[in-house]
Each structure stands twice: as structure tokens, then as C-alpha cells.
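Step one of this worksheet: look at the structure below.
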There are 2 protein chains.
Amino acid sequence: MIYRIADALPVLRRTPDVVSALLDGLPDVWLYAIEGPGTWSPFDVLGHLIHGEKTDWMPRVEHLLAHGEALAFPVFDREAMFIASRGRKAADLLDEFATLRRASLERFAKLGLTDADLERRGLHPEFGSVTLGQHLATWVAHDMGHVSQIVRVMGRQYTDEVGPWGAYLSMLRPPSTGARPGA
Amino acid sequence: MIYRIADALPVLRRTPDVVSALLDGLPDVWLYAIEGPGTWSPFDVLGHLIHGEKTDWMPRVEHLLAHGEALAFPVFDREAMFIASRGRKAADLLDEFATLRRASLERFAKLGLTDADLERRGLHPEFGSVTLGQHLATWVAHDMGHVSQIVRVMGRQYTDEVGPWGAYLSMLRPPSTGARPGA
């Protein structure tokens, strides 16, 4: 599917409601569940989404429009939430994410960008030259990836509990380690 | 995490709101998106959740309580929605799913089951003897698996569009085919 601004906005607009529907008022046993050492809980993912809103999505759009390929985006700290979320309540984080996303989409609308702008280029600190369209498509895919992560972490809490049904629940199986079939 | 009825109910109660937050009013380009031939769209997944509500979750709870291991559950048709959803609107399906889930949880509450009942046994047509607890844990994991599927299908529409960011978006990579690393 070709990225078009008009397709992407309805998805981006919905993400705070999706995350709130999942997490608002959910017992701590789910909010702080993880998949294993070093993995993120739903609470951690929520903090990561907030940090993306503050430092990645619209800031990089504006950076790209201002600097083109002359100046690389600042590096995004994907684990900033481990400090930023400390001691905060999930309900506050959900409100903050919804407020930030609404503001992001208002800033985006004010820029008056059209699909003709999607080929404009910026400089990624690792990838080099990237397009505005790639960055904007990533915003959507990143939202979906982290919603998927939240529900995967939750579902996997019952990997042992589902007994033989695990054979039908592909989400409960860990990602392949690359081992040969039968190995 | 050990399955407990009191943990599972808040998750099951939220699923219709999660699916509605994702899909209500979403443009058709997302609702009917698929990952490839023979795969399910978000619209298909919604129909599958409805069919589960009608023929799997509470019907099997009641079947198990009535028959124990003396009579196997009827087989669940996981693709019934391809006919049942035909010609229907997503908004109607979302309403139906919410109504059915609410009714399921009311039926469940009326049974007055406690965690002491989780070891009660029934007969699965394929797996043989299973416990009520396994079936109930599967209800939660199945919900999470299909929410994950909906957002995966959506995110993967932009697999090509994200350009180099695909390296960071594990959800966009197809499941391993079992090939050896480097093959």
C-alpha cells in the first residue's frame, strides 16, 4: 500500500484511544508484566510512545523541513522512559500521550503538507538520506508495532496456562532463533 | 503468571472497546487490508471474534460443566466468518461483538465459578482432556492474539514504505520460514 497522508491520519488519531482502551484501569499484574529480563512492560511501552511524541515524530518532521539533508536528526533515545516514567501512574501517562498526540496532529495539519511533499529528504543519523514519506509511514507502523507488543506481552503471560491450545496460538511462541527445522 | 478469574475478567471486558477504538470508522483501505492471499483482514478478524463468542467461549464452558470428559466439545469453525460477515458493515459487527461479549461475561458471572473450579475437565475434539482453566486462559490469549493480528496487518501495509526503518520494526518482518541463518 502506498503511503498517503489522508490514510495515515485516521490511524494515528486512534492510537491513544486504543492504548487507553487496553490499559486504563487495568490491574498492575498486567501493566507491569514483561516477557523476560530486559523486555518492556505495557507501562514501559506507554512511556516509550510518549517519548516518541516529544522527541521523534513531529520534531523530526520539522527538522527535515528546516534542514533537509544538511543536518542529521538528533538521535532518538528508545529507552528514555525507564527514567521518565519512574513513579508515575499509568492513568497520567495515558492522558499525557493523548494530549501530546492531539497536539502533534494539530502541528502536522498546520504545516499544510500534501503527498507531493513526501519525497522531501532529511538525514537520519544512522541510515543517511531518508524521505519524509518514510518517516511518516514509520510513525504508523511504529504505533501498530507497539500496540502489538502490549497485547503480546499480555497474552504471553498465559503461555503455560493455555495448555495444548498453545499449538494454535502463534503469538505465544517466541520469535524463531533461526534454528533449523527439527533442530 | 498463574491464571486467575479475577485477573482475566478485566482483560476480556476491554477487548470490544479495544477493537472498536481500532476499527470504528476506519477507512476501508485498512479494514479490508490483508497480508497476502489467504490471510485475514481486520474485518475478517472481527467476524472471527464474533463467531468465537457465539460458539466457543461460553458454550464450551457450559458444555464442560454439563458433560465433563464424557462428550467432546463441538468442533469450532475458525473460518465461519467468511460467510457470516458477508455484506455486513464493520460498525454492525463491532456492536454485535460488544453485545455478545457483555452477555458472555454476564453468563460467566452467573455460574459463580471460582479458581477452585479451574481444574474441572472437559474433552476437546482434538487435544483430548483439557481443563476449564486452560480454556479460560485461551480466551484471553486468543483475544490478545487477534488484536495483535489486526494491528500487524495494518502496520505491514507499510513494509515497503518505511524504507530503512524496517530494520527497527520487527513486526514488519514475516515470520521465519525456518531457513538457516544466512541461507
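The values are calculated or read from the model by the stated rules, or taken from the named source; none is laboratory data. All figures in this text were calculated on a predicted structure; none of them were measured in a lab. All Cβ positions, glycine included, derive from the backbone under ideal geometry; neighbour counts span all protein chains shown. Each accessible area value is taken on the protein alone, full model and side chains, heavy atoms only, with ligands, DNA and RNA left out. Shrake-Rupley method; radii C 1.70, N 1.55, O 1.52, S 1.80 Å.
Tabulated results
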read-out	value
Matching residues, the stretch B:126-165, being touching a Ser or Thr at 6+ places or on another chain (Cβ under 9 Å), part of a loop (DSSP other than H, G, I, E, B) and among the acidic types (Asp, Glu)	B:Glu161
Hey, A:Asp28 within 14 Å of chain B (Cβ to nearest Cβ), open to solvent by 70 Å² or more (accessible area, probe 1.4 Å) and among the charged types (D, E, K, R) or not	yes
Number of the exception - A:Lys89 against (1) touching a helix residue (DSSP H, G or I) at 6+ places or on another chain (Cβ under 6 Å); (2) modelled with pLDDT of 95 or more	(1)
Matching residues, the stretch B:99-117, being outside any helix (DSSP H, G or I) and touching a residue at least 60 places away in the same chain (Cβ under 8 Å)	B:Leu113, B:Thr114
Residue in the stretch B:104-123 that is open to solvent by 50 Å² or more (accessible area, probe 1.4 Å), more than 12 Å from every other protein chain (Cβ to nearest Cβ), of a type in the set (Val, Ile, Thr) and over 22 Å from A:Thr159 (Cβ atoms) present	yes
Subset of the stretch B:34-49 (residues that are aliphatic (A, V, I, L, M) and open to solvent by less than 10 Å² (accessible area, probe 1.4 Å))	B:Val45, B:Leu46, B:Leu49
Qualifying residue in the stretch B:71-80 (condition: over 14 Å from the mean Cα position of the chain (by Cα) and open to solvent by less than 50 Å² (accessible area, probe 1.4 Å))	yes
Some residue of the stretch A:43-52 being within 12 Å of chain B (Cβ to nearest Cβ), at pLDDT 95 or above and touching a helix residue (DSSP H, G or I) at 6+ places or on another chain (Cβ under 6 Å)	no
Residue that is nearest to B:Trp165 (Cα to Cα), among those in the stretch A:72-98 that are in a loop (DSSP other than H, G, I, E, B) and small (Gly, Ala, Ser)	A:Ala80
Criterion (free of Cβ contacts under 8 Å to residues at least 24 places away in the same chain and either surrounded by fewer than 17 Cβ atoms within 10 Å (Cβ to Cβ) or more than 8 Å from chain A (Cβ to nearest Cβ) (or both)) met by exactly one of B:Gly87, B:Gly155	B:Gly87
Breaking point among (1) out of contact with any Leu (no Cβ under 6 Å at 6 or more places or on another chain); (2) within 22 Å of B:Ser104 (Cβ to Cβ), for B:Glu53	(1)
Any pair with Cβ under 8 angstrom, 6 or more apart, that starts in the stretch A:52-65 at a residue that is crowded, with 17+ Cβ neighbours inside 10 Å and ends at one that is of a type in the set (Val, Ile, Thr) and modelled with pLDDT of 95 or more	none
Odd one out for B:Thr131, checked against (1) exposed (fewer than 14 other Cβ atoms within 10 Å of the Cβ); (2) over 23 Å from B:Val18 (Cβ atoms)	(1)
Among (1) surrounded by 20 or more Cβ atoms within 10 Å (Cβ to Cβ); (2) in contact with an Asp or Glu (Cβ under 8 Å, 6 or more places away or on another chain) - the single one A:Leu136 does not satisfy	(2)
Selected residue (only one of B:Asp143, B:Asp160, B:Asp95 is at negative phi and in contact (Cβ under 8 Å) with a residue 24 or more places away in the chain)	B:Asp143
Count of the stretch A:1-39 residues which are touching a residue at least 12 places away in the same chain (Cβ under 8 Å), of a type outside the set (Gly, Ala, Ser), part of a loop (DSSP other than H, G, I, E, B) and touching a helix residue (DSSP H, G or I) at 6+ places or on another chain (Cβ under 7 Å)	6
Within the stretch A:1-25, tally of residues that are out of contact with any Lys or Arg (no Cβ under 7 Å at 6 or more places or on another chain) and more than 12 Å from B:Leu26 (Cα to Cα)	12
